[in-house]
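To start, the structure itself, in structure tokens.
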Amino acid sequence: MKLSVALNAEQREFDVPANTTLLSLLREEAGCFSVKHGCETGDCGACAVIVDGRIVNACILLAAQVDEREVITVEGIPWVMASMSGAAQHNELPEASDVEGGAGHNSSDSNAASKSSFQNPEAFSREEHPSTYELLHPLQQAFVDAHAIQCGYCTPGMILSSLALFAEKGLIELPSIKRKTRVTPVRRKPGIKKLPPSEQEVREALAGNLCRCTGYLKPVEAVLRAAEELVSEG
Amino acid sequence: MLLNLRKYYRPRSIEAAVRLLSANPERCVVLAGGTHLLASSRRDVEEVVDISSLKLKMLKRENGAVHIGATTTLQSILENPRLVKFAGGILVGACRRNSVSRMVRNQRTVGGEICANWKRSDLAAVLLALSARVKLMTLSLEEKEMSISDFWSMPAFRNGRKGSGQVPPGLLLEIVVSAPTSSCAAFEHIEQIESQPSLVSAAAVLAFDGNRQCTEARVALGSFADMPCRLPQLESYLQGKVLTPEVIESAGSTGWDEIRPLTDAQASGSYRQAIAPVLIRRLLRRCSKEA
């Protein structure tokens, strides 16, 4: 059956059997290998993805269920970053040469391109924004800094669960190429400071992501650290 | 994975969905959130009818009753600030208890919990204690309203749907829940670890008069027998009584002759028989404090 899915800033068309799960679609058809194959029963959270702003398990969702819907995986994080706070954010992008393995292109061109893609998210691609693809989201960086990764199998799911929590708390806004549905952030009166999630909220958000090596203390620490950073950045 | 699934439908109207279900009732099933169906690996399912476009995702309060659409997710009930204190918080408590995973709660629907996981669901026990009513569209396109216990008494549930060739009763549209005024409610459960389903869950809704005498009692158990059950002997015992420690103690040992406890991989019948009175006493103690 034919499906049209907005996947990480790109409208993609697929033709798959009716019994294809979203997990199989993402890994085998779309090449999103950050989405991991775990329990296939919705217990481990290794296959977590964001569908229309909500974190879900891709293994217990048919691919057909996301037809005409929007999916974000870890491969879409550069797009989330580029649209996080518009031009102000992009002015702070480091020089490409400052980034290990950077593409070495002119940074001012990169900033200009990022601004234009923020206004036109459909145009966002790795070719146009190589430097953004070399950067880590503050959340990803916090996982590295807090040593919250060992084998890394559960990490993409934890990153996306945390991103969905940040979106819910209003710390970030998840981009959309459809602009029809998006997660509703906590309503906050103008002028009131953003608050990071509490440790309990982080623990609840990560409760569906099982880790068999690092444990949970370091990932929770990483998420809290990233939240503090996002709050301090405003 | 549904190995034999051949066709996926996402109809835009309830009538179209029911026609699809009635065209092949033995091999065609309803797909709501999919958390139970996709994890079940059923071989008998050849067609699914995805009901996500039927606009059954809704939550509203009317005349003190809560109307919950069949495709309302458990997470959206949790997030609704108007439901936090409804019926002593037992509805929200049962939704939270359903799964520790937000991912699962974002997908899992109330309708799916009632139709696919009703035997082991804490939410089913809570809805039974709250005397919930369900609205469904039958396969002959008649809209019916009935109590949730009558719904589970239908042949498709009584004999087990899975692979049995049973015809589904129709399409569940809505659940209506009301809490009696001046009542208190409590929900208790026991499990091996927090992320596991409950071994036994119990819910009670008790109404009291000005003298703290019980005027109405509804007590339900989940995961205890082969289906969620009320305890009529216990309920009639509690009528007109003040919940003193002595009454609570003897209530815990009342009414167990009428139900045969379930034995499965999670717990033996004798364990369930031993633990259920403990949960009942805890429920009554909590209600007596609020009375």
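Each Lys or Arg adds one and each Asp or Glu takes one away; over the other residues whose Cβ falls under 15 Å from the Cβ of B:Ala16, this sums to +2. Selection among B:Ala116, B:Val242, B:Ser288 by position relative to the dipole of chain B gives B:Ala116 as farthest towards the positive end (Cβ unit charges, Cα centre).
Let a ≥ b ≥ c be the square roots of the eigenvalues of the Cα gyration tensor of the protein assembly as shown; is it rounded (a/c under 1.5), or, if not, prolate (a/b larger than b/c) or oblate? Cα axes put the protein assembly as shown in the prolate bin.
Taking 0.36 nm per residue of separation and subtracting the Cα-Cα distance, what length does fully extending B:Ser41 through B:Lys60 add? Don't skip to the answer; put the middle values down first.
On the way: separation 19, 0.36 × 19 = 6.84 nm, distance 3.44 nm.
Separation in residues times 0.36 nm, less the Cα-Cα distance, equals 3.4 nm.
Computed over chain B, relative contact order equals 15 percent, with contacts defined as Cα pairs under 8 Å that lie 6+ residues apart.
Take every Cα-Cα pair in chain B and report what % of them are more than 23 Å apart.
Working: 22920 of 42195 pairs.
Across chain B, Cα pairs with separations above 23 Å total 54 percent.
When the helices of chain B are scored as -39500 (n - 2.57) per DSSP H run of n ≥ 4 and the total is divided over every residue, the value at 222 nm lands at -9000 deg cm²/dmol.
Summing Lys and Arg as +1 and Asp and Glu as -1 over all other residues whose Cβ lies under 11 Å from the Cβ of A:His37 gives a net charge of 0.
The shape of segment B:183-290 comes out prolate: with a ≥ b ≥ c from the C-alpha gyration tensor, a/c is at least 1.5 and a/b beats b/c. Mind giving me the FRET efficiency for B:Arg285 and A:Thr41? R0 is 35 Å, r the Cβ-Cβ distance, nearest 0.05 is fine. It comes out at approximately 0.45.
The 3J(HN,Hα) values that the Karplus relation (6.51, -1.76, 1.60; θ = phi - 60°) gives for segment A:25-38 are, in residue order, 4, 5, 7, 8, 9, 9, x, 8, 7, 5, 7, 9, 8, x Hz. Gly and Pro appear as x.
Take peptides B:120-131, B:251-262, B:276-287 and line them up by average Cβ neighbours within 10 Å, highest first, as a rough protection proxy. Let's see the in-between values first.
Details: B:120-131: 26.6, B:251-262: 16.3, B:276-287: 21.0.
Most protected by this proxy first, the peptides run B:120-131, B:276-287, B:251-262.
Would you mind counting up the charge near B:Ala125? Only other residues with Cβ under 15 Å from its Cβ, with Lys and Arg at +1 and Asp and Glu at -1. Walk me through the numbers on the way to the answer.
Working: positive: B:Arg96, B:Arg97, B:Lys119, B:Arg120, B:Arg218, B:Arg230, B:Arg272, B:Arg282; negative: B:Glu113, B:Asp122, B:Glu188, B:Glu191, B:Asp226, B:Glu235.
Value of the local net charge: +2.
Anisotropy class assigned to segment B:7-50 is oblate, per the alpha carbon gyration tensor with a/c at or over the 1.5 cut-off and a/b no larger than b/c. Here the 3J(HN,Hα) profile of segment B:21-26, calculated from phi with Karplus coefficients 6.51, -1.76 and 1.60 at θ = phi - 60°, is 5, 6, 5, 9, x, 7 Hz, Gly and Pro shown as x. Taking the Cα centre of the protein assembly as shown as origin and assigning +1 to Lys and Arg Cβ atoms and -1 to Asp and Glu Cβ atoms, the resulting dipole is close to 1640 debye. Can you grab the distance from the C-alpha centre of segment B:258-284 to the C-alpha centre of segment B:185-243, Å, no decimals? For segment B:258-284 versus segment B:185-243, the Cα centre distance is 12 Å.
Note down the relative contact order for segment B:228-291 as a percent, whole number, built from C-alpha pairs under 8 angstrom at least six residues apart.
On the way: 37 pairs, mean separation 22.3, N = 64.
Across segment B:228-291, relative contact order equals 35 percent.
Bear in mind that the values in this text are calculations on the coordinates, not laboratory data. Predicted model, so just to flag it, every value in this text is computed and none were measured. Backbone-built Cβ (ideal geometry, glycine too); neighbour counts: all protein chains shown.
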